[in-house]
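The values are calculated or read from the model by the stated rules, or taken from the named source; none is laboratory data. Since we're looking at a predicted model, the values are computed, not measured. Cβ: placed from backbone, ideal geometry, glycine included. Neighbour counts: every protein chain shown.
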Amino acid sequence: MIQFGETQINLSDPLILALVIGGGILLLMLILIVLAMRAANRSARAVEPLAQHIGGLGQRVQGLSDGQHQLAGGLSHVSEMQAKAQAQMLEAMERRLEDVQKSMGETLHGTSTRTARSLGELQQKLEQIDKAQANIEKLSGDVLSLQDILSNKQTRGAFGEIQLNDIVSKALPSDSYAFQATLSNGKRADALIHLPNPPGPIVIDSKFPLEAYEALRRAKTEYDMNEAAKQMRVAVKAHIKAISERYILEGETAEGALMFLPSEAVYAELHANFPELVREGFAARVWIVSPTTCMATLNTMRAVLKDARMREQAGEIRKALKQLHRDVEIVEERAGKLETHLRQAGEDVAGILTASARAGKRAERLDNFDFEELGPDTPGDSVVPLPRR
């Protein structure tokens with residue numbers, strides 16, 4: 001690349017290179033001509049060789065001019081071939097670009113379809129998550145409601161009574177218990193089970209020492225633990241004493257009662273860490289039960305009720321057996337009479353069959369009887385006279 005001022009000459013271009021070479025040759029010719037003219041003034045003898053040399057140079061310049069024309073034609077052909085190749089390349093690139101665009105379109109369509117499907121599935125999962133979140137919020141509200149219920153003594157007592165009613169109604173027949181039954185001393189029992197004597201009707205009362213149990217759970221120091229244990233002992237002893245005094249009535253109820261704890265955790269805590277309270281309940285004839293053990297106890301009571309009802313129906317069963325025995329005797333008598341009738345009928349049928357056989361034989365003899373072979377003097381035969389009409 002050669003630059004003259006603002007003009008740039010690219011020597012890599014064959015045409016420019018040929019022009020430069022031609023210009024150089026012309027310049028050289030001019031220089032030679034000038035030198036020749038200068039030499040002509042010096043020696044006349046050198047004119048003729050110089051003219052010859054100039055003629056040769058002219059021929060060479062003509063050859064160079066012809067070569068330049070040929071080079072220009074070649075460059076034109078090369079330019080045409082380059083333009084054609086560029087056109088073919090552009091056409092191939094356009095086709096390739098169309099193929100790429102088509103492939104990209106199909107890919108984008110498939111991607112958009114999969115994306116739409118994924119977005120739909122994501123929307124469904126988000127809806128499920130929203131529903132689960134709503135359920136969680138509802139459950140949280142229910143838990144808070146349960147905490148509100150358990151924080152109040154009256155509502156906590158109602159919660160225990162409802163749980164007790166549900167367990168009793170599922171374990172026993174409806175005519176074997178009564179809820180909120182009033183005793184002769186005016187006290188109202190949560191549930192009264194009508195057991196036969198012995199042991200007699202037995203009371204189940206619901207108690208829930210939640211404050212003491214929560215104090216045990218919250219205790220961090222040994223002092224707090226001891227205070228919570230004292231609170232638990234006081235509360236459970238008070239419940240045992242109240243049940244023993246209110247619901248164990250001589251001649252009216254059984255000699256014991258049940259204290260229902262609606263929490264398995266509280267029941268486990270008593271038996272694990274307060275065995276003296278359980279023994280004190282046994283001494284006062286108050287048996288502490290949880291929902292699980294209460295269900296087992298009620299199933300035992302169900303068996304006792306079933307056995308008692310079977311004993312009550314024993315007289316009716318004996319009476320029914322006696323009537324059944326009499327019916328069997330009547331059946332035997334009638335079967336004997338039927339046997340006698342059947343025997344007589346059999347004898348009659350046998351007589352009828354004998355007479356029928358005899359009559360058949362006589363009919364056969366009459367059918368084979370030959371009147372011509374018999375004469376009037378045939379001994380032992382007699383002619384049966386035909387009746388006259």
Subject >> Out of L270, L258, L216, L277, sole residue that is closer than 23 Å to R188 by Cβ and of a type in the set (A, V, I, L, M, F, W, C) >> reply: L258
**OP:** Kindly indicate whether A283 is among the small types (G, A, S) and surrounded by 12 or more Cβ atoms within 10 Å (Cβ to Cβ).
**Re:** no
Original post:
What single numbered condition from (1) at positive phi; (2) without any contact (Cβ under 8 Å) to a residue 12 or more places away in the chain fails to hold for R217?
Top reply: (1)
Subject >> Residues of region 172-181 that turn out to be assigned to a helix (DSSP H, G or I) and either outside the structural domain of T300 (by TED's automatic domain parsing) or among the hydroxyl-bearing types (S, T, Y) (or both), as a count >> reply: 2
Original post:
With respect to the numbered conditions (1) without any contact (Cβ under 8 Å) to a residue 12 or more places away in the chain; (2) within 20 Å of G22 (Cβ to Cβ); (3) among the aliphatic types (A, V, I, L, M), which one is the sole condition not fulfilled by M89?
Top reply: (2)
Subject >> Qualifying helices (runs of 4 or more DSSP H) (wholly inside region 211-316; at least 3 residues being within 43 Å of the chain's Cα centre (by Cα)) >> reply: 264-273, 291-312
Subject >> region 305-325 residues that are in the same structural domain as S176 (by TED's automatic domain parsing), paired with ones that are in a helix (DSSP H, G or I) and surrounded by 10 or more Cβ atoms within 10 Å (Cβ to Cβ) (beta carbon under 6 Å, 6 or more apart) >> reply: L305/S176
Subject >> Test for E48: is it modelled with pLDDT under 80 and loosely packed, with under 11 Cβ neighbours inside 10 Å >> reply: yes
Original post:
Has region 3-21 got at least one residue that is loosely packed, with under 13 Cβ neighbours inside 10 Å and modelled with pLDDT of 70 or more?
Top reply: no
**OP:** For region 93-101, state whether one or more residues are exposed (fewer than 11 other Cβ atoms within 10 Å of the Cβ) and at pLDDT below 75.
**Re:** no
**OP:** Within region 155-170, count every residue that is at pLDDT 85 or above and either of a type in the set (A, V, I, L, M, F, W, C) or under 12 Å from I193 (Cα atoms) (or both).
**Re:** 5
**OP:** Tell me, yes or no, whether region 350-366 has at least one residue that is in contact with an Asp or Glu (Cβ under 7 Å, 6 or more places away or on another chain), modelled with pLDDT under 85 and surrounded by 10 or more Cβ atoms within 10 Å (Cβ to Cβ).
**Re:** no
Original post:
Among the residues of region 264-289, how many are among the aliphatic types (A, V, I, L, M) and under 20 Å from I202 (Cβ atoms)?
Top reply: 6
**OP:** State whether one or more residues within region 305-314 are in contact with a helix residue (DSSP H, G or I) (Cβ under 9 Å, 6 or more places away or on another chain), hydrophobic (A, V, I, L, M, F, W, C), modelled with pLDDT of 80 or more and within 30 Å of L210 (Cβ to Cβ).
**Re:** no
